[in-house]
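Take a look at the structure below.
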Amino acid sequence: MVCLSAKFKIMLSQNQYLQVALGTSRRRSFTYLPPVTIPQYQALIPGIRLQVPLGNRQVVGILLKVSNHCDIVATKLKAATALIDLQPVLPEGLFQLGLWACRYYQYPVGDGLLHMLPTKLRQAQRNQPVSSHWQRLDDSIALTAAAILQRSPKQAAIWHQLKELPVIFNQQQLKRVGLTPGALKGLLQKGLLKTLLQPTTAPEPKLAQDALVLNPEQTRALQCISPMSQHFRCTLLQGVTGSGKTEIYLQAITQCLSQGRRALILVPEIGLTPQTLQQLQARFDNTIICLHSGLTDKQRLDGWQQANLGFADIVVGTRSAIFTPIPQLGLIVVDEEHDLAYKQQDGLRYHARDLAVKRAYDEAIPIILGSATPALESLANVERGRFQHAVLPKRAGPAQQQRYQIIDVCNEVLSGGLSTELLLHIEQHLRANQQVLLFLNRRGFAPSLQCHNCGLTITCPQCDASLTLHQEPARLHCHHCDHKQAVICQCPYCHNQNLQAIGVGTERCEAQLNKQFPTVPVLRIDSDSTRGKHKLPQLLAEILTGQPCILLGTQMLTKGHHFPSVTLVGLLDLDASLFSTDFRGPERLAQQVVQAAGRAGRANQPGLALLQTRQGEHPYIQILTQRGYAEFACYELQRRRQAQLPPYTHMAIFRAEAKLAQSAEQCLTHLQKALDDLPEAGEQLRAIGPIPASMLRRNGRYRYQLLLQHPQRQALQTICSKLCLLAEQKQLHKVRWSLDIDPQEIM
């Protein structure tokens with residue numbers, strides 16, 4: 001913190017007031033006087049952090065503006081305690097993006113701006129980066145170095161290892177040759193290395209391998225993206241699985257770097273970052289930084305600071321990486337842009353894809369939204385002429401599009417969720433030394449445990465949901481509130497001991513596969529089996545050896561992975577998604593089917609996707625398997641247009657939860673009644689609710705929601721803003737309420 005000595009304690013003029021954003025639930029700023037410890041000439045720039053008193057606590061706030069007028073008597077105001085920064089912690093562009101996001105998503109500005117910072121910067125820690133970049137002196141001094149290191153064989157060996165790295169290298173590259181920063185101490189002292197505090201040159205592509213030759217469709221797509229231009233252009237890159245979208249990303253990044261600019265790549269989940277990082281490192285010798293929630297707070301702060309200083313030519317990360325400061329940003333790539341993981345489901349409920357488009361627009365740079373199964377919102381934006389559309393209709397190279405085949409399992413007794421026909425296909429592909437992938441989006445051994453005598457299902461004490469039976473380790477586990485308990489041996493109602501596992505999860509399917517194919521490895525990949533820092537990379541590495549095996553997993557296995565030896569994909573349980581209460585259910589189902597099936601036949605061998613279903617004649621299944629995702633999207637967009645659902649209307653959901661159901665319902669009833677007094681809430685507004693959430697009780701709290709729809713976005717924003725102020729004024733102490741703008745799930 002900046003606390004100046006007593007001789008500089010000169011008060012600013014009395015008409016200076018600081019508007020400060022604090023991390024509270026209040027949708028307003030707080031007014032403070034300037035710190036008494038700063039000189040009059042000290043400039044207070046919006047975006048700097050201050051330490052201010054709040055009640056009996058000292059908290060971190062962000063300065064929004066300095067004004068000369070205040071409605072509060074100055075004697076009633078407190079002075080800020082101290083400055084934490086002299087310069088804004090966020091660059092101007094990101095600061096304005098944060099303010100826009102807080103306005104659009106109707107979220108408290110202080111909480112929203114602090115959300116953009118690494119955890120350690122949300123505290124009072126100084127933003128002083130520790131450099132992790134070094135420059136090796138030019139090879140022309142090799143003879144000098146040999147003479148200097150003649151009596152230091154260990155340092156000579158280290159110097160030799162460093163020659164495998166670029167002249168400027170970072171800590172990640174140092175780790176790749178088996179060295180730590182401490183090993184450089186001697187070379188630094190001898191002047192053979194120097195520490196860099198800022199980049200010495202502009203970004204440029206440093207290729208570790210040559211680019212692949214693009215086919216005509218890829219060439220046209222790259223030209224459409226126009227990565228060499230320095231103006232905003234949003235391109236939806238829609239390519240079937242295996243069509244070579246990644247190669248287009250890599251060549252677009254190369255062109256961006258050749259312009260002296262940097263690139264940001266977003267992926268939906270942490271599980272995709274190792275593969276993406278590996279692809280980038282194989283192509284580029286440039287400095288690449290990876291940012292996601294799996295890193296420690298210190299690692300995330302270090303990566304964020306290095307990106308802010310301009311040391312990172314390429315930044316890869318999950319949704320929060322959209323808030324990373326990157327000077328001379330020239331390109332944004334959003335891979336798997338349709339993925340629900342890009343939508344933050346609590347706190348600042350932003351959509352990283354939409355913020356990426358906004359950031360690209362503000363910075364006047366191109367952005368690529370890539371997917372084999374684009375979100376219907378993105379396709380609607382193509383329809384309206386807002387996005388460019390580049391299509392890759394076939395797979396790259398010799399690979400052919402996989403075939404679909406429906407397996408009707410009506411009246412069939414399944415073994416661990418597997419039909420006889422599917423088992424025969426699995427055996428056939430394993431005998432051909434190929435790999436098989438099975439998709440079952442339900443972890444655990446069985447979704448529920450039920451008494452065979454009285455029919456009672458064992459439920460969670462905190463939620464309106466059954467407890468999932470797990471065997472590794474044995475437990476009953478609620479996947480909604482994380483409640484865990486031992487497996488019971490008798491029914492708590494009738495005391496009968498005949499309890500049965502109902503349904504199939506990945507553990508149960510794995511047990512059946514091990515029994516059916518005892519000599520073949522079964523690799524289960526879900527959030528239970530991949531706990532631990534290195535577990536998922538180890539499993540993925542085993543798959544990429546190409547040895548025959550069965551891959552069994554949830555949706556984390558089907559997103560963006562390239563498994564060249566997989567020739568058969570089985571989708572085990574799709575019917576539940578066909579009858580979802582959420583209007584987006586069919587879209588999610590189609591994306592899951594196409595993404596999972598797309599893992600098959602990505603190399604020279606043809607691929608086959610088998611769909612186990614009791615609804616084989618359903619229109620969605622027929623359209624997907626016979627005409628593809630593009631036809632499904634047209635069909636579903638027409639249905640949405642007729643029903644006046646997003647993306648042809650705009651939606652917001654107020655949610656309330658409380659320990660008493662009546663309290664949550666009354667909160668939303670009060671807001672619903674207030675709509676009658678709002679001039680913006682005319683006949684075009686459609687209000688549904690308050691209604692119970694699909695799971696009424698979760699984690700011991702009852703949940704209700706009020707859904708608002710309006711054909712005009714600005715009118716809906718105005719209505720929501722007024723309702724938020726009303727909810728704050730009512731001071732609902734025992735009710736947690738929130739607002740979700742553009743919700744992706746109706747829960």
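Each part reduced to its alpha carbon centroid, the range 260-308 and the range 467-544 end up 32 Å apart.
Considering only the range 6-122, what is the antiparallel percent among its DSSP beta bridges, to the nearest 5? Show your work: numbers first, answer last.
Values: 17 of 18 bridges.
Expressed as a percentage, antiparallel bridges in the range 6-122 total about 95.
Tell me, Kirkwood radius of the range 133-195 from alpha-carbon pair distances, in Å?
On the way: mean 1/r = 0.0863 Å⁻¹.
This gives a value of 11.6 Å.
Give me the compactness ratio for the range 140-238, meaning the Cα radius of gyration over 2.2 N^0.38 Å.
Rg over 2.2 N^0.38 Å, computed on Cα atoms: 1.63.
Within the chain, the longest run free of GluC sites (Glu not before Pro) that sit in a DSSP loop with at most 15 other Cβ atoms within 10 Å is 165-411. Remark: the range 629-639, residue by residue, has Karplus-estimated 3J(HN,Hα) of 5, 4, 5, 4, 4, 4, 4, 6, 5, 5, 5 Hz, where x stands for each Gly or Pro and the curve is 6.51 cos²θ - 1.76 cosθ + 1.60 at θ = phi - 60°.
Stokes-Einstein diffusion of the range 6-122 at 10 °C, 1.306 mPa s viscosity, Kirkwood radius from Cα pairs, rounded to a whole number: 109 µm²/s.
For Glu542 and Arg26, the difference between the fully extended length at 0.36 nm per residue and the C-alpha to C-alpha distance is 180.7 nm.
For the range 325-465, what is the Kirkwood estimate of the hydrodynamic radius, computed as the reciprocal of the mean inverse distance between distinct Cα atoms, to one decimal in Å? Don't skip to the answer; put the middle values down first.
Values: mean 1/r = 0.0481 Å⁻¹.
After inverting the pairwise mean of 1/r, the radius is 20.8 Å.
With helices as the sole contributors, the chain gives -9000 deg cm²/dmol at 222 nm; each DSSP H run of n ≥ 4 counts as -39500 (n - 2.57), and the sum is divided by every residue.
What are the lysines whose alpha-carbon lies under 30 Å from the alpha-carbon of Lys194, with same-chain residues fewer than 8 places away excluded? Straight-distance partners of Lys194: Lys120, Lys154, Lys163, Lys175, Lys185, Lys206, Lys298. Close amide H partners of Ile406, meaning residues 5 or more places away or on another chain with modelled amide H under 5 Å apart, are Leu611. Within the shell of other residues whose beta carbon sits under 15 angstrom from the beta carbon of Asp677, the net charge comes to +1, with Lys and Arg scored +1 and Asp and Glu -1.
Partners of Lys722 within straight-line reach, counting lysines whose Cα lies under 20 Å from its Cα and excluding those fewer than 8 residues away in the same chain: Lys673, Lys730. Relative contact order of the chain: 10 percent, from C-alpha pairs under 8 Å at least 6 residues apart in sequence.
Note on the range 83-220: Kirkwood hydrodynamic radius from all Cα pairs is 19.3 Å, rounded to one decimal. Distance distribution P(r), the range 541-627, all Cα-Cα pairs, bin width 10 angstrom from 0: 16, 48, 27, 9, 0 percent. Distances between placed amide hydrogens fall under 5 Å for Gly570 paired with Leu437, Leu438, Phe439, Leu610, all partners being 5 or more residues away or on another chain.
State to the nearest 20 debye the size of the charge dipole of the chain about its Cα centre, where the only charges are +1 on K and R beta carbons and -1 on D and E beta carbons. It would help to have the intermediate numbers written out before the result.
Numbers: 77 positive and 55 negative charges, 453 e Å.
Dipole magnitude for the chain comes out near 2180 debye.
Per-residue 3J(HN,Hα) values for the range 440-451, derived from phi via the Karplus relation 6.51 cos²θ - 1.76 cosθ + 1.60 with θ = phi - 60°, read 9, 8, 8, 7, x, 7, 8, x, 7, 10, 10, 7 Hz in sequence order (x marks Gly and Pro). Exposure here means at most 12 other Cβ atoms within 10 Å; with chymotrypsin sites (Phe, Trp or Tyr not before Pro) in a DSSP loop as sites, the longest stretch of the chain lacking them is 42-492. Residues whose amide H lies under 5 Å from that of Gln471, counting only those 5 or more places away or on a different chain, are Phe445; hydrogens are built 1.01 Å from N in the peptide plane. Of the residues Gln328, Ala356, Gly303, the one whose Cα sits farthest towards the positive end of the charge dipole of the range 216-392 is Gln328 (charges of +1 on Lys and Arg Cβ, -1 on Asp and Glu Cβ, taken about the Cα centre).
Which of rounded, prolate or oblate describes the chain when judged by the alpha-carbon gyration tensor and an a/c cut-off of 1.5? Oblate is the answer for the chain, as a/c is 1.5 or above yet b/c matches or exceeds a/b. Model label points for Arg475 and Lys190, set 7 angstrom from Cα along the Cα-to-Cβ axis, are 5.3 nm apart.
Given +1 at the Cβ of Lys and Arg, -1 at the Cβ of Asp and Glu and no other charges, the dipole of the range 166-310 around its Cα centre is 420 debye to the nearest 20. What's the local net charge at Pro46, with K and R +1, D and E -1, over the other residues with C-beta under 15 Å away? Around Pro46, the charge tally is 0. For the range 594-602, 3J(HN,Hα) computed residue by residue from phi via the Karplus equation (6.51, -1.76, 1.60; θ = phi - 60°) reads 5, 5, 5, 4, x, 6, 8, x, 8 Hz, glycine and proline entered as x.
For the range 216-392, the share of DSSP beta bridges that are antiparallel, to the nearest 5, is 5%.
Other residues with beta-carbon under 12 Å from the beta-carbon of Gly310 carry, at +1 per Lys or Arg and -1 per Asp or Glu, a net charge of +1. Taken about its Cα centre, the range 216-392 carries a charge dipole of about 300 debye when Lys and Arg each add +1 at the Cβ and Asp and Glu each add -1 at the Cβ.
Dipole of the chain computed with +1 at Lys/Arg Cβ and -1 at Asp/Glu Cβ about the Cα centre; of Leu149, Pro34, Pro447, farthest Cα towards the positive end is Pro34. Which of Gly182, Gln172, Gln135 sits farthest toward the positive end of the charge dipole of the range 133-195, with +1 on the Cβ of Lys and Arg and -1 on the Cβ of Asp and Glu? Of the candidates, Gly182 comes out farthest on the positive side.
Readers should treat all values here as calculations from the given coordinates under stated rules, not as data from a laboratory. Predicted, not measured: the structure shown is a model, and the values here were computed from it. Note: ideal-geometry Cβ built from the backbone for every residue, glycine included; neighbour counts use all protein chains shown.
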